[in-house]
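S.K.: Before anything else, here's the structure in question.
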Amino acid sequence: MRGITWDNSRKGETMQEIWQRYLQLKRFFKLPWSQQSIEELKNMTTIDPRLGSSTFKKLWTIEKKHSSPKQLLKLIMSLLDFPELTGDMAQTRYLLSLISPSLAPDDTFWWDIAEQVDKAFPGESLAQEGKLARQVHQLRYLISCHQAEYVRQHFRHKNQTDAEGLARYLKHRSYTLLESARLHNKVMVKDGVPYYPDGKVSYNIKILQRFHTEFILSSSGCFLNEIDPEKMTVAGVVNGASFNYATRNNQRHWELDVMPVSPHDPDFRWKVRRGFVAPTWSDYSKRSFLRTKPAYPCLRLVNKEVRRFSQMIRKA
């Protein structure tokens, strides 16, 4: 290959970061590319080996013609050298460094990954034992983490909350606030008394784009994610966002995004989640088990937060 250089968009890197990029580039060339992709690589003078980069997208388009959905997903896992998620912030930062920072939450590349998962795992097969299935499930948390970080890096100004940054991001984009956030409002109940994650009362809201991309915001305007490079919280691990592989809230959503949680969630999340439960539909929408004064249903309090965030978007 002639005069190849990697994308040099990140300046001021440490030697460790440069070494990590070298290893990623080395791993990139060792991936099982088709002959057509190899020929394309030979003609490239600048290569960005990160997932979702212009380099990767160009080869991804080629590979879709030659590879099965499972082979494509294995390609992603090999590129990321995808590990069992631990919640350690150093691990999270490293994994994020392997994904293009310019890959927006509403980039169609994410929808393409979801489509490959849908094809690769028919029926309830994603909930069955297997290394790839476990990796694919946990990839949802990394994707949501990356999407939240994109908003922070590109739209959240200094001294702003995540909510303010997200409002600026959504200002001229399509989104919905209508999907239920019930499963993202888990609490621990002892003797009828609710205990909130981190000891902070919060009524969390859900924001979706194309159903796939999911943001969860706390009442204090913080992103809730299972893994987070800025700060790990119990609330994030328990009630955090996860990218959806399904296209809508139907049986396929249950098969791809709900059933795999039990067999494939990372161990650290199981340990933190223990004892926290989501309110039943009755508790959530009709009566309060939250001991608020006056006693409002949780849904009413969540909807109040939704209205507040909607106003924030309009003013952004």
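S.K.: The range 168-201 to the range 254-288: how many Å between their Cα centroids?
M.R.: 12
S.K.: Under the 0.36 nm per residue contour assumption, what length would be gained going from the current alpha-carbon distance of Phe29 and Asp267 to full extension?
M.R.: Full extension from Phe29 to Asp267 adds 82.5 nm.
S.K.: Shifting gears a bit: Classify the range 127-211 as rounded, prolate or oblate from the Cα gyration tensor: take a ≥ b ≥ c as the square roots of its eigenvalues, call it rounded if a/c is under 1.5, otherwise prolate when a/b beats b/c and oblate if not.
M.R.: In terms of gyration-tensor shape, oblate.
S.K.: Give, to the nearest whole percent, the P(r) tail of the range 46-315 beyond 27 angstrom, counting all Cα pairs.
M.R.: In whole percent, the long-distance tail amounts to 38.
S.K.: Over 32 Å between Cα atoms: which of Lys190/Lys231; Lys65/Lys186; Lys26/Lys119; Lys58/Lys158 fall into that group?
M.R.: Where the Cα-Cα span goes over 32 Å, the pairs concerned are Lys65/Lys186; Lys58/Lys158.
S.K.: Any idea how far apart Gln36 and Thr61 come out in nm if each label point goes 7 Å out from Cα toward Cβ?
M.R.: Label at Gln36, label at Thr61, 1.1 nm between them.
S.K.: A further question on this structure: What does the C-alpha gyration tensor say about the overall shape of the range 195-288? Classify as rounded when a/c is under 1.5, otherwise prolate if a/b is larger than b/c, or oblate.
M.R.: It comes out rounded by the Cα gyration axes.
S.K.: Run the simple label-point estimate for Thr45 and Arg274 please: 7 Å along Cα→C-beta, distance reported in nm.
M.R.: 5.9
S.K.: Can you tell me the length gained on complete extension of the stretch Tyr94 to His154, counting 0.36 nm per residue apart and subtracting the Cα distance?
M.R.: 19.7 nm
S.K.: Now for a different question. Could you pull out which residues in the range 210-232 have an amide N less than 14 Å from a spot 7 Å beyond the Cα of Arg248, following the Cα-Cβ vector?
M.R.: Answer for the range 210-232: 210-212.
S.K.: Right, another one. Which longest run of the chain has no exposed loop site in it, a site being trypsin sites (Lys or Arg not before Pro) in a DSSP loop with at most 16 other beta carbons within 10 Å, and the site itself not part of the run?
M.R.: 12-157
S.K.: What is the antiparallel percent of DSSP beta bridges lying wholly in the range 46-315, to the nearest 5?
M.R.: For the range 46-315, the DSSP antiparallel bridge percentage is about 85.
S.K.: Also: Work out the FRET efficiency for Ser68 and Arg300 from their Cβ-Cβ distance, taking R0 = 41 Å, and round it to the nearest 0.05.
M.R.: For Ser68 and Arg300, the calculated efficiency is 0.30.
S.K.: Determine the calculated [θ] at 222 nm for the chain from helices alone, applying -39500 (n - 2.57) to every DSSP H run no shorter than 4 residues and normalising by the residue count; nearest 500 deg cm²/dmol.
M.R.: -14000 deg cm²/dmol
S.K.: In addition: Taking springs between alpha-carbon atoms closer than 10 angstrom, which of Ser174, Ser97, Ser242 fluctuates most in the Gaussian network model of the chain?
M.R.: Ser174
S.K.: For the range 119-136, what does the Karplus curve 6.51 cos²θ - 1.76 cosθ + 1.60, with θ = phi - 60°, yield as ³J(HN,Hα) per residue in whole Hz, taken in order and with x for Gly and Pro?
M.R.: Ordered by residue, 3J(HN,Hα) equals 6, 6, 10, x, x, 9, 5, 5, 8, 8, 5, x, 4, 5, 4, 5, 5, 4 Hz.
S.K.: Let me ask something additional. Quick one: dipole size for the chain, taken about the Cα centre, charges +1 on Lys/Arg Cβ and -1 on Asp/Glu Cβ, in debye to the nearest 20.
M.R.: About 860 debye.
S.K.: For Gln311 and Asp107, what does the FRET efficiency come to when R0 = 25 Å and r is the distance between their Cβ atoms, rounded to the nearest 0.05?
M.R.: 0.35
S.K.: List the residues, sorted by chain then number, that are 5 or more residues from Ile47 or on another chain and whose placed amide H is less than 5 Å from its amide H.
M.R.: Amide H neighbours of Ile47: Thr5, Trp6, Asp7.
S.K.: Under 5 Å between amide hydrogens, which residues at least 5 positions from Ile99 or on another chain qualify, with H placed 1.01 Å from N in the peptide plane?
M.R.: The list, which skips near neighbours in sequence, is Leu51.
Read the figures in this text as sums done on the coordinates, not as results from a lab. Quantities reported herein were computed from a predicted structural model and do not represent experimental measurements. We place every Cβ from the backbone using ideal geometry, glycine too, and count neighbours over all the protein chains shown.
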